[in-house]
Amino acid sequence: MIDPIRTRATLVTTTAPVATPIDPATDRKLRETAKQLEGLFVQQLFKAMRDTVPQQDGIVSANAGEDMFTGLMDQHLAAETPSQWEGGLAESVYRQLRGRVAAATPQPSSSTDR
């Protein structure tokens, strides 16, 4: 009996698209943009997580300075956290953008005149 899941996985891994070369400067910009998007995503994730923690009025209540500090700390952590991830969101976004840019870029003809 043929295992459809194993067959599908084999087809997906063996039919990977061939990478179309693009300009190195464009490639660098795509990677940088993907990393920035990943950092922004993580920053919003931290903000949403922090909003779920109830703020208690204790001896010292939170003020604008503390809010500014936690915002800056979240921003710094968001910039550093994705560098610890292997193949995270930035890599997926990069592959998607690179495929679109490569498809939109006119390729030189490979035919030779004889």
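Is there any pair with a first residue in the range 87-104 that is of a type in the set (V, I, T) and a second that is assigned to a helix (DSSP H, G or I) whose Cβ atoms are under 6 Å apart and which are 6 or more apart or on different chains, and what are they? Close Cβ pairs (under 6 Å, with a partner that is assigned to a helix (DSSP H, G or I)) amount to V93/A34; V93/L37. Would you confirm whether or not the range 73-86 contains a residue that is closer than 28 Å to T20 by Cβ, among the polar types (S, T, N, Q) and at pLDDT below 85? Yes: one or more hits.
The values are calculated or read from the model by the stated rules, or taken from the named source; none is laboratory data. Note that this is a predicted model, so its numbers are computed, not measured. So basically every Cβ, Gly included, is an ideal-geometry build from the backbone, and we count neighbours across all protein chains shown.
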